[in-house]
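Novice: Below you will find the structure I want to go over with you.
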Amino acid sequence: MMNLPKRYEVVIVGAGPAGSLLGYYLAKQHIPLLIVEKKRLPRQKICGGGLTKRTLDILPFTIAAVVEDYANRATLSVENLTVFSKTYDQPIAALVMRDRFDHFLIQQALDKGIDLLDDTEFIGLHGSPGNMTVETSRGSVRTGLLVGADGIHSRVASCLKLDVKKKRMTAIEAEVYLKQPDQSMAPFRHTIQFDMGPARNGYGWIFPKKNHLSVGILSLSKKPKGMREDLTAYIKARKLDSQMEALSLKGHGIPYGPDRQNRYANQFGLLLGDATGIVDPITGEGIYYAVRGAQIASDAITAHLVDNKPSVHRYDAMLKQDLLPEVYYAQRLAHILYKFERLSHRALKKGGAKIAENHVKIITGQKTYRQLHREVFSMAGLRTILGLK
Ligand SMILES: Cc1cc2nc3c(=O)[nH]c(=O)nc-3n(C[C@H](O)[C@H](O)[C@H](O)COP(=O)(O)OP(=O)(O)OC[C@H]3O[C@@H](n4cnc5c(N)ncnc54)[C@H](O)[C@@H]3O)c2cc1C
């Protein structure tokens with residue numbers, strides 16, 4: 001395998017946000033590590049590229065160099081009725097293209113001294129805890145710990161025998177290039193737009209990029225019918241089709257709803273990011289959880305290697321304490337929102353402004369899903385849902 005060391009303390013599979021950031025944090029602690037990525041970098045990734053303020057606030061460096069637009073305005077419509085539109089003093093999100101953003105993250109890790117093998121697929125693993133051989137499409141390497149940051153279909157999870165049960169939602173997105181972008185993009189700039197109605201059991205979004213729009217729909221269903229048609233109809237309803245120059249439509253799975261019995265770490269290694277299924281079930285936002293997960297994993301691995309006693313299992317406990325309660329509360333809200341659509345649309349038409357305002361507080365880190373859940377299930381919240389006020 002090229003001219004790389006034969007043994008690393010840690011091998012990370014996957015150079016998405018989860019893997020690159022963990023690499024960055026560990027390299028800062030001078031821990032020798034290798035990241036293995038099956039695609040040649042920079043790689044494309046279908047994604048809205050919405051980075052919420054709560055994500056920007058916890059990133060360890062500025063990503064201004066790859067931001068396409070900052071949004072300080074959010075809108076919400078329900079069946080074409082605008083129920084919320086608010087401009088904030090500060091950005092509530094940054095919009096990026098994933099090929100550039102992800103490449104920027106891996107560059108930061110490389111600058112801190114990681115080794116990287118792209119265009120190299122992780123195949124399997126054998127050996128004992130602390131002394132494993134990792135097989136890749138370009139040879140083998142020995143490691144003390146293996147990290148699966150390899151996304152929704154994690155092969156590392158099955159090799160580590162971490163049987164992570166999760167659900168799957170589906171999203172489809174179009175990169176819409178408008179004619180005369182200088183004028184036609186103007187109404188969309190600095191705004192993240194959410195629409196209830198274009199998607200069955202989900203929502204639609206329009207995010208501005210430097211010279212085009214990312215337009216997508218998400219459905220909580222595993223195999224929703226007619227998503228391409230629904231997205232085309234959404235683009236048409238927003239009158240983007242007449243100005244459209246080019247478009248590419250692609251669908252993809254997003255994990256959510258991790259099972260409460262899941263284990264995310266053992267003596268061989270741990271899982272991170274989409275591989276865990278820890279994703280916001282209301283919006284499909286996964287990058288925040290990938291970044292938080294990388295920070296938690298870095299603390300656990302550093303303790304493991306510095307204390308020289310097996311403490312990776314702490315990672316499992318820390319995830320269950322820090323991140324999982326939030327996604328469980330969000331999941332209950334997502335079920336009401338998307339599975340009882342007539343009820344939730346009726347409630348949002350009446351109380352949508354307050355709920356959207358609260359949701360902006362969540363994505364900017366001022367509120368938690370636990371608090372929102374408590375409010376929704378209060379007497380006043382239930383009356384709004386049932387249309388009694
Ligand atoms: C349409 C759509 C829109 C979305 N919009 C947003 C959004 O606006 N904001 C947001 O926060 N989240 C969004 N998400 C979710 C977000 O894309 C993911 O949560 C995020 O990419 C997770 O990061 P990750 O590092 O865990 O995994 P990934 O980014 O999926 O990276 C995993 C990496 O592992 C590599 N890999 C996989 N298998 C192997 C192997 N065997 N060997 C070597 N390498 C391997 C892959 O090539 C990949 O590069 C969206 C998702 C979709 C589908």
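Novice: Of (1) touching an Asp or Glu at 6+ places or on another chain (Cβ under 7 Å); (2) surrounded by fewer than 18 Cβ atoms within 10 Å (Cβ to Cβ); (3) more than 24 Å from Gly253 (Cβ to Cβ), Thr136 satisfies all except one. Which?
Specialist: Thr136 satisfies every listed condition except (2).
Novice: Confirm whether Arg54 is part of a loop (DSSP other than H, G, I, E, B), more than 9 Å from the ligand (Cβ to nearest atom) and closer than 30 Å to Leu249 by Cβ.
Specialist: Here the answer is no, as Arg54 does not meet what is asked.
Novice: Which one is surrounded by the fewest Cβ atoms within 10 Å (Cβ to Cβ), of the residues in the stretch 200-230 that are closer than 23 Å to Ser85 by Cβ and of a type in the set (A, V, I, L, M, F, W, C)?
Specialist: So, considering only residues that are closer than 23 Å to Ser85 by Cβ and of a type in the set (A, V, I, L, M, F, W, C), the one surrounded by the fewest Cβ atoms within 10 Å (Cβ to Cβ) is Ile206.
Novice: Determine the pairs where a residue that is crowded, with 19+ Cβ neighbours inside 10 Å, located within the stretch 312-333, has a partner that is in a helix (DSSP H, G or I) and of a type in the set (S, T, N, Q) with Cβ atoms under 8 Å apart, the partner being 6 or more residues away or on another chain.
Specialist: Final answer for the pair search is Leu319/Thr276.
Novice: When residues of the stretch 57-84 are filtered for being assigned to a strand (DSSP E or B), touching a residue at least 40 places away in the same chain (Cβ under 8 Å) and out of contact with any helix residue (DSSP H, G or I) (no Cβ under 7 Å at 6 or more places or on another chain), how many remain? Talk me through it step by step, then tell me what you get.
Specialist: Going through the stretch 57-84, the residues assigned to a strand (DSSP E or B) turn out to be 67-71, 73-78, 81-84.
Within this subset, residues satisfying the condition of being touching a residue at least 40 places away in the same chain (Cβ under 8 Å) are 68-71, 73-78, 81, 83-84.
Still in the list and also out of contact with any helix residue (DSSP H, G or I) (no Cβ under 7 Å at 6 or more places or on another chain): 68-71, 73, 75, 77.
Looking only at that region, the number is 7.
Novice: Provide a single number: the residues in the stretch 148-174 that are part of a strand (DSSP E or B) and more than 11 Å from the ligand (Cβ to nearest atom). Spell out how you get there, then give the answer.
Specialist: Of all residues in the stretch 148-174, those part of a strand (DSSP E or B) come to 148, 167-174.
Going one step further and asking which of them are more than 11 Å from the ligand (Cβ to nearest atom), we end up with 167.
Counting residues in the stretch 148-174 that are part of a strand (DSSP E or B) and more than 11 Å from the ligand (Cβ to nearest atom) gives 1.
A quick yes/no check of all residues on (1) under 13 Å from the mean Cα position of the chain (by Cα); (2) of a type in the set (Ser, Thr, Tyr); (3) assigned to a helix (DSSP H, G or I):
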{"site": "Pro281", "(1), (2), (3)": "yes, no, no"}
{"site": "Glu285", "(1), (2), (3)": "yes, no, no"}
{"site": "Tyr288", "(1), (2), (3)": "yes, yes, yes"}
{"site": "Ile301", "(1), (2), (3)": "no, no, yes"}
{"site": "Met318", "(1), (2), (3)": "no, no, yes"}
{"site": "Ala330", "(1), (2), (3)": "no, no, yes"}
{"site": "Leu333", "(1), (2), (3)": "no, no, yes"}
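Novice: Go through the stretch 157-192 and report how many residues are surrounded by fewer than 21 Cβ atoms within 10 Å (Cβ to Cβ) and farther than 30 Å from Gln331 by Cα.
Specialist: 12
Novice: Among what's in the stretch 240-264 and is at pLDDT 95 or above and more than 10 Å from the ligand (Cβ to nearest atom), pick the residue that is nearest to Leu213 (Cα to Cα).
Specialist: Gly257
Novice: Let me ask you something else. Anything in the stretch 1-47 that is within 15 Å of the ligand (Cβ to nearest atom) and at pLDDT below 95? List them, or say none.
Specialist: Hits for the stretch 1-47 are Met1, Arg43, Gln44, Lys45, Ile46, Cys47.
The values are calculated or read from the model by the stated rules, or taken from the named source; none is laboratory data. Remember, predicted model here, so these are calculated numbers, not experimental data. Don't worry about glycine lacking a Cβ; one is built from the backbone with ideal geometry, like all the others, and counts go over all protein chains shown.
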